[in-house]
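The values are calculated or read from the model by the stated rules, or taken from the named source; none is laboratory data. What you are looking at is a predicted structure, and each value in this text was computed from that prediction instead of being measured. With ideal geometry, Cβ positions are generated from the backbone for all residues, glycine too; neighbour counts draw on all protein chains shown.
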C-alpha cells in the first residue's frame, strides 16, 4: 500500500530544464537535457514533456497536454529522449534546439525489473519502442546479465533506431535490413535456442500482443512497456487504462507502464482500440 | 485569504475539481512531497457511487484546442470500497475532505449521504447531479423541478454541509442554482464539463471516445464558466465554488470578482500537479 515505494519517485510539480543537445537518427529525433533537480530514473520510466515556449498554436491549435516520453538514456544528470513525429505534440518537441527550455514532470511510472540472477534477458522492441530497451540494456549489461537484443522496424530508414542499442539483431518489414519479417519471428528462434530467459518488450500494440501471446504460450515471463495516451502521467486523469486479466481497467501511468504479460487480459488490445 | 465555505475553514480559496486529482496515486508517484506540497485548501474526492463502476472503455481522452474531452465514466470502488480503502488514506490529508457522490435516483443518493453523514473524516459532501434520470433521460441537474424533488428527498439525510455541483448542460443554470438554494443546499459548485463530441478521424461520423460523448474541459470553456458563474451569483446568495479552465491567478481572480468564494483547479493540474499551488501563491500576492 502507500508505505511501499515501488519506483523512483518524482519531485512534485513540473520543472524547467534546458535542451543541451539534439541529434537526428533516421526519422527519429534525439534530444538531451540537464536535469539537475531530478532523481535518476530507471529503465521503463517516462516523463511528461512540453516545450516552455509555444506549447499550443500548432496544427488544430494543439498541443495542449504534455506528452509522455520514455527515457532513452540517463546518467550524470543528463536525460535523453527519442521521439518520432506523429502529431502536434511530437512535432513541437522535435523543433526544440540546444538552449531551448523544456518543462518536464518525472520520472513517472514503474520501470523494468531485472531477471533472476544468471537468467538471460531478451529485449524485443519495435520502432520508437526501442527507447526504454536501450537504457535497460545498459543497466543489465552493467549488472553482468547476458542480454540479447532483437529489434523490428518498417524499413531501412527506420532501422537507424537499432543504433540506440548494442549488437542488436534487426528485422524489417520490407527486408531491406536484417531478417525480412517480424521481430517476433526472431524472438521465437531465440526461445527455441534457449527458453530460459525473461522477455522485455516495447513497441507497437500489435507487436506487444504477439509477445504477450508468445509469453503465455511458451511459459516464458515477459515484461511489457505499454504506451497509452494520457493527460497527466501521475494517476489523476484515468485516461490511460488498459484491460487486465482480472477484468479491471488499470492506469498504465501508475500501475505501468511496465506490466507482466500475464497481468493483461487476453483481449486487452481489442479493448484499447 | 482564509475563507469560510459553509463552515469549513479554508486557508485560501483554491481547491481541486472533483475527479482531477488523485492524492492516493500521487503519493505513490511523488512520495511524501505530495502531502507537503498539496496545493489545495480542501480536497474534493472523485465521484463515489453506491455500487462500484469500472468506467468507460478506452479511448477516454481527446485533446482539443486549449483543452480536452474526457469520457472516463466515473470509475470508483463504490461506497463500501470507498469507506474501506480510500477514506482511511484520504483522512490523513492535511486539509478538509469533501466527498463527491452521485446516484441515479433519490434512494441511491439518500443512502450515500446517510452513510457518509456518520463519518467524521468527511467535512462536507458534494452532490454530482450530472446523472441522467433513468426515466426521462435528462440529467437530474439540468431541470430545476427534478433537482428540487431530489433535494427534498435527500437533504435530511445528512447534517454535513451539502454542495450541489451544477451541470452547465442546461437551458438556464441560474434557475437550477435557485432551486438548489431553495431546497437546502449550503453551496453550489460550477461548472462541470460541457457535453462534447470527439469525431473519430478515421471513421467519419463515428465517436472517437469509447463512451460515445464526453465532457470538454480546459481553457476552451473558461468564458462559458465565467458567464455561468456571473449568472448564478446574480441569482442566489449561497457561496459559490467556481471552476472551468482556470489556469492562472488572473483567471482565478476573474471568477472571484464574478462572485465566487472559492475557485477550483481541474484540467490545469493534469498539465502540472503543482499548477494550483502557483495560482494560490500568485493570488495571495495580488491580494
message = Of the conditions (1) without any contact (Cβ under 8 Å) to a residue 24 or more places away in the chain; (2) closer than 18 Å to residue B:187 by Cα, residue B:118 satisfies every one except a single condition; which number is it?
response = (2)
query = Checking residue A:215 against (1) within 14 Å of another protein chain (Cβ to nearest Cβ); (2) over 25 Å from residue A:82 (Cβ atoms); (3) crowded, with 22+ Cβ neighbours inside 10 Å, which single condition isn't satisfied?
reply = (1)
message = Among the residues that make up region A:174-188, is at least one of them within 14 Å of another protein chain (Cβ to nearest Cβ) and under 20 Å from residue A:259 (Cα atoms)?
response = no
task = Return yes when residue B:65 is over 20 Å from residue B:131 (Cβ atoms), modelled with pLDDT of 95 or more and buried (at least 22 other Cβ atoms within 10 Å of the Cβ) and no when it is not.
result = no
remark   = Note on region B:40-54: residues within 17 Å of the chain's Cα centre (by Cα) and either under 15 Å from residue A:231 (Cβ atoms) or within 9 Å of chain A (Cβ to nearest Cβ) (or both) are B:46
inquiry  = For the condition buried (at least 22 other Cβ atoms within 10 Å of the Cβ), in contact with a helix residue (DSSP H, G or I) (Cβ under 7 Å, 6 or more places away or on another chain) and at pLDDT 95 or above, what is the one hit in B:52, B:39?
reply    = B:39
key: Residue satisfying all of: in region B:68-86; away from chain A (no Cβ under 11 Å) and under 21 Å from residue B:28 (Cα atoms); surrounded by the most Cβ atoms within 10 Å (Cβ to Cβ) among these   = B:82
query = Within region A:165-273, which strands (runs of 3 or more DSSP E) (wholly inside it) include 1 or more residues that are touching a strand residue (DSSP E or B) at 6+ places or on another chain (Cβ under 9 Å) and either without any contact (Cβ under 8 Å) to a residue 12 or more places away in the chain or closer than 28 Å to residue B:56 by Cα (or both)?
reply = A:197-202, A:222-225, A:241-243, A:249-251, A:258-260
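For (1) closer than 19 Å to residue B:43 by Cα; (2) in contact with a helix residue (DSSP H, G or I) (Cβ under 8 Å, 6 or more places away or on another chain); (3) in a loop (DSSP other than H, G, I, E, B); (4) modelled with pLDDT of 95 or more, each residue gets a yes or a no:
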| residue | (1), (2), (3), (4) |
| --- | --- |
| B:234 | no, yes, no, yes |
| B:247 | yes, yes, yes, yes |
| B:264 | yes, no, no, yes |
| B:269 | yes, yes, no, yes |
| B:279 | yes, yes, no, yes |
task = Say whether the condition of being more than 7 Å from every other protein chain (Cβ to nearest Cβ) and either touching a strand residue (DSSP E or B) at 6+ places or on another chain (Cβ under 9 Å) or closer than 16 Å to residue B:262 by Cβ (or both) is met by at least one residue in region B:26-33.
result = no
note = Filter region B:114-124 for residues that are closer than 11 Å to residue B:48 by Cβ and part of a helix (DSSP H, G or I); the one that is nearest to the chain's Cα centre (by Cα) is B:116
Qualifying residue in region B:3-23 (condition: surrounded by fewer than 22 Cβ atoms within 10 Å (Cβ to Cβ), farther than 26 Å from residue B:248 by Cα and more than 10 Å from every other protein chain (Cβ to nearest Cβ)) = yes
Conditions (1) within 7 Å of chain A (Cβ to nearest Cβ); (2) over 18 Å from residue B:265 (Cβ atoms); (3) in contact with a strand residue (DSSP E or B) (Cβ under 7 Å, 6 or more places away or on another chain); number of the one not met by residue B:62 = (1)
remark   = By residue number, the members of region A:97-121 that are over 17 Å from the mean Cα position of the chain (by Cα) and either surrounded by fewer than 22 Cβ atoms within 10 Å (Cβ to Cβ) or outside the structural domain of residue A:56 (by TED's automatic domain parsing) (or both) are A:97, A:98, A:99, A:100, A:101, A:103, A:115, A:116, A:117, A:118, A:119, A:120
inquiry  = Condition first: within 16 Å of residue B:181 (Cα to Cα) and surrounded by fewer than 24 Cβ atoms within 10 Å (Cβ to Cβ). Now tell me which residues in region B:231-260 satisfy that.
reply    = B:231, B:233, B:234, B:235, B:236, B:237, B:238, B:239, B:259
task = Considering only region B:232-273, state which residues are touching a strand residue (DSSP E or B) at 6+ places or on another chain (Cβ under 9 Å) and within 14 Å of chain A (Cβ to nearest Cβ).
result = B:245, B:247, B:264, B:265, B:266, B:267, B:269, B:270, B:271, B:272, B:273
